[in-house]
Each structure stands twice: as C-alpha cells, then as structure tokens.
Amino acid sequence: MVSKRFVLKRLLMLFPVLFGVATVVFAILHLSPGDPAVVIAGERASQEFVNQIRSDLGLDDPLWQQYIRFLGEVATFDFGQSYQVNRGTPVSEILTDRLPITIELALLGQFAGLLFGLPLGILSAVKQDTWTDHLTRIGALSGISIPIYWSGPLLILLFAQFLGLLPTSGRIGSAYFVDPVTGFILVDTLLAGNFAAFRSAVTHLLLPVVVLGIYQMALLSRMMRSSMVEVIRQDFMRTARAKGQGSKITVMKHGLRNAFIPVITVIGIQFGSLLGGAVLTETVFEINGIGTLLVDAINRSDYPVVQGTVLVFAVLYTLVNLGVDLTYSILDPRIEQ
Amino acid sequence: MSTETQTETVERGIVERLRASPFLSQLVSNRLAVTGIVIIVGVVLLAIYARLTYNISDLMATQFGTNPSEASPSLEYLFGTDGQARDIFPRVLYGAWYAVLYGTVTVAASTFLGVGLGIVAAYYGDLTDNLIMRTMDVLLSFPSLLLALALVTIFPEELGLWRAVGALTLVYTPRFARVVRGAALKVLEDEYTDATKALGATDPRLLVRHILPNCLAPITVQSTLNYGLAIIDIAALSFLGFGASPGEPTWGMMLSNGVEFGLFSGAWWWSFFPGLLLALTVLGFNLLGDGMRDALDPRMRETVD
C-alpha cells in the first residue's frame, strides 16, 4: 500500500516544479526578440497605437510586476487572449478545444506501442541470443532511429497516394460532422451513433497512430527486453523452475510482474518523447491538435498561445510522471524509502 | 618463419592489450557496435567529401533550364530532382555535412556545460548543488522537443540553424549534468580524492585532473547516445520550420519540402533519400551507443544460458 504521507509529499513536490516551469516559460517569452505590441498592432501601425497597446497589456510595468501578474494568471488557468486566432479568443478556450485531439492521438500511439512492444520484448528476452532476439533487437533499434517525419510521408505515399487505401490527412472525412462532446473523435462518433463517421475517423487515424506507435513499440520492446533479461537471471526464477514449474508459467507468473516495474518508469519518462512525436505526427498528417497550434503560434508570434501550450505540455508531462511514481510505489513498496 | 612469429607476437600483443581493457574488447567483439562505427565513419567521410566537392550556393540556387524539374530518379539524377529543378543527390550528400557539423557542436556544447555544472554541483554540494540541480530538474520537466521549440524563439532569426543548436544545447545540458553529478559523487567517496586534497591540490586541479577523468565512461556513452538524438532533433526543428532557411540542403528542410510539395504529386524521392540517410546516421550512433552501454555494464557482460 502507498502511505498517505508519501502521496502527500509527492504532491507537495509538485509546486516548486510547476513554479519553476512557469518561471522558465515567462523567461523564454521575455527573452524573445519580438514585441507583442507590434504583433497585435500590425507592422504598419502608428507608434502611438503600439504604445497604447503596450500600456494596455501592462508591458511598460517593471519586469517583477509583470512576473507576479503572470504567476497569478497561471495559477487561475488564465493564459490571456490569443493575438491571432479570431483575435481575442481566450487561450484556455483554444486549449480545451485542441488538447483532446492530441491526447487521443498520444494515447492511441502509446496503446499501439504497448500492444506490440511488450510481447516483442518478452519474446526477445526469453529467446535471448537466438535469431528471433537479434532480429527483434535490430528492428527495435531501427524503429527508434527512423524519424516520424520520414515514416509518416512514406506511409502516406504508399497507402494513400499509390494504393489509395487510406486518406492522407485530417481526422475525419469532410462529409461528416460530429458534435464534439468529449473532443475524442472516436468516442464522439460512437456517442452520436454515426458508424460511417466512426469508420472514417478510424481510417484517418490509422496511419498517424501507426507512425507514432512504431517509435513507442521500438522503445518499449527494448526496455521490456533488458528488464526481462535481468529478471530471468534472478535466483527466484531458478527456484521456481527447480520446483518443477514449467518454463512458460515461471516467466508469466514470476517474471513479468517484476520486469514490468522498470518498464512503467520508462513509460513515464518517455511520455515526453510521445508528446514530441505527437507534435511531429500532427504536422505531417495535418491534424489540428496542440502540436500544430504551438508551431503556428510560434510562427505568428502569438505569445499567449505559446505560453499556454508549453505550460500545458509541461504540466501534463509532470502529472504523468507523478502518476507513474505512485504506480511504481504500489508495485514496489520499497521505493518509499 | 620469423615474420610469421613476429606477426603472431604482435597479434598476441593486441589481443592481450584488448583483454586488459575489457571495455574496448567488449566493444570490438560487439558486432552491432562495430557496424555502428562503420556507418558513422562512412557518414563523416561523406560529409567531408560533400563539403570539399560542392559549392553550397550552387546547391541552393534553382536550376530551371539546366535540369528538368521534378524528374524521378535516373542514371543522370540518381535521387531525382526537386520542384526547383535541383539535383537531389548532391544535396543529400551535403546534408551529411550539416548533420555532422551541427550535431557535433550541439553535443560538444551540452557535454561541456553539463559536465561543468555536474562536477561543480557534486563537489561543492549544499546550496550550489541544490541551485544547479533544481534548475536542471525544472528544465527536465518539459518534453524535450517542445522546450526546444520554445527556446528557438529566444535566438535572433539571422542565426539560422545555429538557433536549433543553441536551443538543443540548453535542452540536453541537464541530462549530462545529472549523469556527471552521479558519477562524480561516487568518485568523491574514494580515498584518493582526500589524499589529493591533503597534498594541497587546488579545487580546479582536483576537479579537472582527478575527478573528471574518472567520470569519462558515462560521459562518453551519454554523448554517443545524444549524438543520434541531436541529429534527429535538429532535423525535426528544421522540418517544423525553425532553423534552416528555405533552400538550404539540410535533411530536415528537404523532408519538409517533400511533405509540403512532393506528397500529393507522388514525388516520393523528395522525402525518401534525405530521410534514408538521416535514419541510417542515427542508427549508426544508436548501435554504437548501445554497444558501449553493454560493454560498460558488467551485468550485461556475462551471457547466461
């Protein structure tokens, strides 16, 4: 069992990290050479107008005042208003629209990675130093070496362009419109009972998920293998076999449970690369998640959106790792010390 | 006869020397690591060849009139031509130069910064340690590519691809600092550091001459693994439009063009060749890094039946 004290301690440790994250984001935006007031006013605006906007935004205030105000806004989830998207839309509103799209993609990619990566890793470890093992390892190493912005275009060319089997971009066919209830397109289409739309969404998401999943699969199978190899060597495994248990049962019953522990940590750490991968996947497949939102916002100097997006990504990453730490301590109670 | 015994002695000498250094012998006997080294050497040679042979402004200029536009690969244009009628083959080769140059600078800079911060944190401890490592922790709580994207914006646009180098250096530094701090703490426990101090060595001398050399193994592995990552991340930033200027023959930029313009016309060769070389280069570094880690980790050394 996890003690309440441990959970509390981990939750309290969250605050300094989030405070640091907010500070870094504030620093980055104030170090950027662009002037937000000019961005809003437009290149040809008069100096007076620019000055007016600057004082409206409070950009004339001393830096420490701006910093305190920023922290206050962040604490209340108020990221300001976008300079560009329908001018004046609250950033938090844009993020709630776009975030589920990225999360859905990331979760599906992670799921695909787990589904194929874990069995491959176990197989590789059990058949250590055989051809199966070598092939799996080389495959996994290649998998982590192939950039998403290469495998993505190649799969689009093959399946969409040449074979014409799958759509090239987007999340759903333009003929379908589904009310965004949860924001997850697969869930929303099912909720609406529109199976044709659901099928369209599945065919649209297939390639992005495969592309994102290949990388995760490769990573996880490597981790699963090395963790399993270590566990197989342990004394308790030999004891179990000596007791007369079949090799397969030993592996399943005693090995997996112990081998999963480090793999779970890795899933947490790799969540960052999963999000990075999602950004690239969204760009390749023209999916309107927060990845493409961030890239567009940087290109248009839409500072509030950049701020909000980067903060949300960092918070997500931190929370997932907190969850992983807690799961870890349930599986291995020694970790609390 | 005599020459035979001579070579035999020499060979035995090499074998013995390798045996004395389990790390090197492990590495050499690891076929995957050797494959990695071969790939890396090949790419570096290619990079130098391209740098010496081609003129960068020729590669960037449009070639309408000289070459056909969007021609598929043929004997004359091995990798085909792009929408600006540029021959893709020399551009892909020149991309190796970009990858090696910018990758090396990124890895060198983040190693240097990370090693410095890590050793100082471990040696001085207390407040210094806390200040440095908590800052590193904060930087590590961002997903790396996204932090790099945000950091790119603080550098002026004129810097081009160096913006990506600057951003990624800041992103990778904490990883090195963490690894080095851990290794240095272990070294500091050893008695010879006390002995050196007792002999009157100054702090900088102790850190550079005694502690640093004993942390080299984990630093090398981390650098190698980060090399591949740096190359893939620099290309990713180029691909997303941050870094290389349009027309510059970096692999990321070529892939970006391939997606933007080549995808719907079915011009697969725009994306295929630059990506192939990029993936191969990264694979080389991953193979070597993996081999190094196996050779250094004693638990991995013994094979079990």
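Would it be correct to say that A:Ala140 is part of a helix (DSSP H, G or I), within 14 Å of chain B (Cβ to nearest Cβ) and touching a residue at least 60 places away in the same chain (Cβ under 8 Å)? So A:Ala140 passes the test. The single condition from (1) out of contact with any Leu (no Cβ under 7 Å at 6 or more places or on another chain); (2) surrounded by fewer than 22 Cβ atoms within 10 Å (Cβ to Cβ); (3) at pLDDT 90 or above; (4) away from chain A (no Cβ under 12 Å) that B:Ile132 fails is (1).
Number of residues in segment B:132-154 that are free of Cβ contacts under 8 Å to residues at least 40 places away in the same chain and not polar (S, T, N, Q) equals 12. Restricting attention to segment A:56-67, the residues being surrounded by 12 or more Cβ atoms within 10 Å (Cβ to Cβ) and either in a helix (DSSP H, G or I) or among the small types (Gly, Ala, Ser) (or both) number 3. From the residues in segment A:277-321 that are under 17 Å from A:Pro147 (Cα atoms) and either without any contact (Cβ under 8 Å) to a residue 60 or more places away in the chain or hydrophobic (A, V, I, L, M, F, W, C) (or both), which one is surrounded by the most Cβ atoms within 10 Å (Cβ to Cβ)? Among them, the one singled out is A:Ala278. Selection within segment A:143-153: residues that are closer than 19 Å to A:Phe116 by Cβ, in a helix (DSSP H, G or I) and of a type in the set (A, V, I, L, M, F, W, C). The member of this set that is modelled with the highest pLDDT is A:Ile148. For segment A:204-218, the condition holds for at least one residue, the condition being that it is more than 30 Å from A:Ile122 (Cα to Cα) and at pLDDT 80 or above. Could we say that A:Arg44 is closer than 18 Å to A:Arg300 by Cα and charged (D, E, K, R) here? So A:Arg44 passes the test.
Of the residues that make up segment A:330-337, is at least one out of contact with any Phe, Trp or Tyr (no Cβ under 7 Å at 6 or more places or on another chain) and facing another protein chain (nearest Cβ under 8 Å)? Looking through segment A:330-337, none of the residues is out of contact with any Phe, Trp or Tyr (no Cβ under 7 Å at 6 or more places or on another chain) and facing another protein chain (nearest Cβ under 8 Å).
Test A:Leu8 against the stated conditions and say whether it is exposed (fewer than 14 other Cβ atoms within 10 Å of the Cβ) and of a type outside the set (Lys, Arg). Steps first, answer last, please.
Details: exposed (fewer than 14 other Cβ atoms within 10 Å of the Cβ): yes; of a type outside the set (Lys, Arg): yes.
Against the criterion (exposed (fewer than 14 other Cβ atoms within 10 Å of the Cβ) and of a type outside the set (Lys, Arg)), A:Leu8 qualifies.
Just so you know, in segment B:47-88 the residues that are touching a strand residue (DSSP E or B) at 6+ places or on another chain (Cβ under 9 Å) and not in a loop (DSSP other than H, G, I, E, B) include one that is nearest to B:Gly275 (Cα to Cα), and it is B:Ile88. Can you pull out every residue in segment B:122-174 that is closer than 29 Å to B:Tyr98 by Cα, of a type in the set (S, T, N, Q) and outside any helix (DSSP H, G or I)? B:Thr153 - this is the single residue of segment B:122-174 that is closer than 29 Å to B:Tyr98 by Cα, of a type in the set (S, T, N, Q) and outside any helix (DSSP H, G or I). A single member of A:Leu293, A:Leu326 is in contact with a helix residue (DSSP H, G or I) (Cβ under 8 Å, 6 or more places away or on another chain) and more than 14 Å from every other protein chain (Cβ to nearest Cβ), and it is A:Leu326. Residue under question is A:Ile53, and the condition is that it be touching a helix residue (DSSP H, G or I) at 6+ places or on another chain (Cβ under 9 Å), in contact (Cβ under 8 Å) with a residue 40 or more places away in the chain and either on the phi > 0 side of the Ramachandran plot or of a type in the set (Val, Ile, Thr) (or both); does it hold? Answer is no for this residue.
When A:Arg69, A:Arg54 are screened for being of a type outside the set (S, T, N, Q) and over 34 Å from the mean Cα position of the chain (by Cα), only A:Arg54 passes. Taken together, the residues in segment A:278-337 that are touching a Gly at 6+ places or on another chain (Cβ under 8 Å) and in a loop (DSSP other than H, G, I, E, B) amount to 3.
Tell me which residues, restricted to segment B:261-276, are more than 7 Å from chain A (Cβ to nearest Cβ) and touching a helix residue (DSSP H, G or I) at 6+ places or on another chain (Cβ under 6 Å).
Quick first cut of segment B:261-276, residues more than 7 Å from chain A (Cβ to nearest Cβ) only: B:261-262, B:264-265, B:267, B:269-270, B:273-274, B:276.
Listed by number, the residues that qualify are B:Gly262, B:Trp270, B:Phe273, B:Pro274.
Can you find a residue in segment B:272-295 that is at pLDDT 85 or above, over 25 Å from the mean Cα position of the chain (by Cα) and closer than 24 Å to B:Leu240 by Cβ? Checked against the condition, which is being at pLDDT 85 or above, over 25 Å from the mean Cα position of the chain (by Cα) and closer than 24 Å to B:Leu240 by Cβ, segment B:272-295 yields no hits at all.
The set of residues in segment A:90-121 that are under 22 Å from A:Phe271 (Cβ atoms) and β-branched (Val, Ile, Thr) comprises A:Thr96, A:Ile101, A:Thr102, A:Ile103.
Residue-by-condition table, conditions (1) within 14 Å of chain A (Cβ to nearest Cβ); (2) within 28 Å of the chain's Cα centre (by Cα); (3) within 30 Å of B:Ala99 (Cβ to Cβ):
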position: B:Glu189; (1), (2), (3): no, no, no
position: B:Ala201; (1), (2), (3): no, no, no
position: B:Leu207; (1), (2), (3): no, yes, no
position: B:Thr220; (1), (2), (3): no, yes, yes
position: B:Thr224; (1), (2), (3): yes, yes, yes
position: B:Ala235; (1), (2), (3): yes, yes, yes
position: B:Ser238; (1), (2), (3): yes, yes, yes
position: B:Leu255; (1), (2), (3): yes, yes, yes
position: B:Val259; (1), (2), (3): yes, yes, yes
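Could we say that B:Thr106 is assigned to a helix (DSSP H, G or I), among the β-branched types (Val, Ile, Thr) and away from every other protein chain (no Cβ under 14 Å) here?
Details: assigned to a helix (DSSP H, G or I): yes; among the β-branched types (Val, Ile, Thr): yes; away from every other protein chain (no Cβ under 14 Å): yes.
Yes.
Selection of segment A:296-315 for residues being more than 13 Å from A:Val91 (Cβ to Cβ), facing another protein chain (nearest Cβ under 8 Å) and of a type in the set (Val, Ile, Thr) yields only A:Ile298.
Can you tell me which residue in segment A:68-102 is surrounded by the most Cβ atoms within 10 Å (Cβ to Cβ), limited to those that are in contact with a helix residue (DSSP H, G or I) (Cβ under 8 Å, 6 or more places away or on another chain) and either more than 26 Å from A:Glu282 (Cβ to Cβ) or free of Cβ contacts under 8 Å to residues at least 40 places away in the same chain (or both)? Per the stated criteria, the residue is A:Phe70. Looking across A:Leu107, A:Leu165, one residue alone is within 29 Å of B:Gly252 (Cβ to Cβ), more than 14 Å from every other protein chain (Cβ to nearest Cβ), surrounded by fewer than 17 Cβ atoms within 10 Å (Cβ to Cβ) and in contact with a Phe, Trp or Tyr (Cβ under 8 Å, 6 or more places away or on another chain). It is A:Leu165. Among the numbered conditions (1) touching a Leu at 6+ places or on another chain (Cβ under 9 Å); (2) more than 29 Å from A:Gln307 (Cα to Cα); (3) more than 14 Å from chain B (Cβ to nearest Cβ), the only one that A:Ile185 does not meet is (2). Can you tell me which residue is surrounded by the fewest Cβ atoms within 10 Å (Cβ to Cβ) among those in segment A:143-159 that are over 15 Å from A:Val209 (Cα atoms) and free of Cβ contacts under 8 Å to residues at least 60 places away in the same chain? Per the stated criteria, the residue is A:Leu158.
The values are calculated or read from the model by the stated rules, or taken from the named source; none is laboratory data. No experiment lies behind these values; they were computed from the predicted model shown. All Cβ positions, even for glycine, are placed from backbone atoms using ideal geometry, and neighbour counts span all protein chains on display.
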